[in-house]
Structure formats: structure tokens, C-alpha cells
């Protein structure tokens, strides 16, 4: 019989229910359901009590659940039924769904458990870590091929299509819309690729991530021609050093906010503090943005098994933009960088 590789996470979730004195929790978010069962289904409800787990879905998916997760008890979602005085729910569900729950459980107290689930998801299982490594490795391979194919005369859209095609052919497609920025367009952190044409002399910023076996990767690299300006090269050097300083400093036990502060302090010292307007990074997994959030004042403690991006940047409107991003896994004594493309 197949075993649930997320059994430990599910058991921890049930312990949380006991600790918070919840009678039942109803998990509807697709990524959250997958993180607790391994099942990717767009119409599911996982009903969890401190002592039992029942997976509800419709006729279309029941055979798939029986085949892939024989350990799970499965019921028709039309017969979704749960009882309790204190019910855990996800605050990211639709208003209509929440109001329907309130209507059928008028005397119940509803308790938001979204952070509890996200905190559990933040620590990846060994199987998830390996999937992230494979996704990151494929991302490296695609970047190597695509970057060597970039030629003068190509537009941002052309380069983005080149990368996207590789991701579709070799993986599960894009983890997010590929960002390609030529020259001053890179000062827009999330620039949408347009018809700007590369002249072969101007720096290019590419933020890309392929999805593989349901897990995301995330990396930002820059093409820096030999004729890049002195100001660009100086900015690039500072951003690279901020990236390396944060990787060197990352240790389990530190807070996500403290990690952000390492890179932010370095860039501020070199006159680029105001040009670094976003957070240092975020977790990556089933979704491209997950906990932990490496941002100012974030108090989540980094633990072995967590993933996080290290992506300091500097953006000078109308002039240039540089971002260097690696995906790393927190280890027992530091971190493992799983983005291996040259930077």
C-alpha cells in the first residue's frame, strides 16, 4: 500500500487542532490540500479532526484518489458534512463559500487556520526538497540554453517566448510569467516583456522559474555585455555582494527579518538602500510564493528544510536595474544553494 509522504505534516496539523481546541478543520485551498495529501485536485475538501481524515471530491477524481492515495478515506463532495463547535477554516476562501459554511453551522465559532497551514508547508519534506532541487537544476539547464541563444535584434517578448517554449517542452511550463527586461526597463521590478529590441550592448535582466512535477523554481540572472556602463557594473557588484553576504549569513535559528537585514544593510552602506524597495525573498514550493517571507520585521524563525529565495536588487528609474536571485534550502548549519547558474 502506498504511504502518504506528508503523513508527518498531517499529524502535526492534527496536533495543532488539539492544541487550539478545534473540533474540525475544513481545507479547501488546492495547494493546501496537496501539501497535506500529495493530491492535486481542483475540487476537493479535506475534512480533518484530531483523530480522522476524510478526502471529499467529485465523481471525476475519486478513481484517481483511490489509485494514488489508497490510505485515504474518500467521500463524494456533494455529501460534505462536518460538525463542531469550533471549526478551522482558511481565510483565503471565497466569501460565498464562507457564508455558506456559516449558514449551515450557525452556532459554530470559526477559527482562521491559514497561517498554521502555511507554517507547516514552509518546512519541506525530504521528497519536496528533492523536487525543488530537480526543478532548480532544470531551470539552470534552460537558462544555459536560452541565454546562449539570445541575439541582437531579439525583443523582450522573443526572449521570453524562447524560455517559455523550453519550459513547456522540458517541464510543466512556467512557475510564473517570465520577466525579461532590457536596459532601463529593468528598473521596473516586475516589468512585462514588450517589443524593446536588444542592441547587443545593453544589459538584460531575466527572472524565470520552471515548474516540474508540481514544484516551482525561481532564479534571476543578468546578461552583462562588455560595454555595460561603469555605473551599471558598480551597481551589479554591490547587488552580487549583498546576495553573497546573505547566503553566507543564513543559519537556522535566525529570523527571516534578520536575513533580510543582512542584504539591506550592505546595500544601504553602499548608497543603494532606497533603490532596494522589495523584500529579500520568499519561500518556494507548490506555489511560487510561500512562507517564509524574508522581509523587514518578519519574525518567522528559519528552520532546516525551509526554502527561501535570496534576491537583493537595486532599481534606478529611467537608468538601470539589477537583481540577482538564488533559491536555497536551509540546512542544519547553513544553507544549500540549489541555483547553480553563473552570476
Exercise. Given the conditions (1) more than 29 Å from residue 167 (Cβ to Cβ); (2) in contact with a helix residue (DSSP H, G or I) (Cβ under 9 Å, 6 or more places away or on another chain); (3) in contact (Cβ under 8 Å) with a residue 12 or more places away in the chain; (4) part of a helix (DSSP H, G or I), and given that residue 231 satisfies all but one, which numbered condition is not satisfied?
Worked result: (2)
Exercise. Being in a strand (DSSP E or B) and either outside the structural domain of residue 141 (by TED's automatic domain parsing) or more than 29 Å from residue 30 (Cβ to Cβ) (or both), is that true of even one residue in segment 292-314?
Worked result: yes
Exercise. Does at least one position in segment 249-260 carry a residue that is under 13 Å from residue 309 (Cβ atoms) and surrounded by fewer than 21 Cβ atoms within 10 Å (Cβ to Cβ)?
Worked result: no
For this session: Could you tell me whether any residue of segment 27-34 is free of Cβ contacts under 8 Å to residues at least 40 places away in the same chain and in the same structural domain as residue 97 (by TED's automatic domain parsing)?
Result: yes
For this session: Quick one: count up the residues across segment 259-282 that are touching a residue at least 12 places away in the same chain (Cβ under 8 Å) and assigned to a helix (DSSP H, G or I).
Result: 8
Seminar exercise, completed: Of the conditions (1) closer than 22 Å to residue 41 by Cβ; (2) surrounded by 14 or more Cβ atoms within 10 Å (Cβ to Cβ); (3) touching a strand residue (DSSP E or B) at 6+ places or on another chain (Cβ under 6 Å), the single one that residue 101 does not satisfy is (3)
Exercise. Does segment 10-24 hold any residues that are in contact with a strand residue (DSSP E or B) (Cβ under 8 Å, 6 or more places away or on another chain) and either under 23 Å from residue 289 (Cβ atoms) or part of a helix (DSSP H, G or I) (or both), and which are they?
Worked result: 10, 13, 14, 17
Problem set entry | strands (runs of 3 or more DSSP E) within segment 35-96 that include 1 or more residues touching a residue at least 24 places away in the same chain (Cβ under 8 Å) and in contact with a helix residue (DSSP H, G or I) (Cβ under 7 Å, 6 or more places away or on another chain) | 44-48, 53-57, 86-89
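The values are calculated or read from the model by the stated rules, or taken from the named source; none is laboratory data. Since this is a predicted model, take the numbers as computed values, not measurements. Note that each Cβ is placed from the backbone with ideal geometry, even for glycine, and that neighbours are counted across all protein chains shown.
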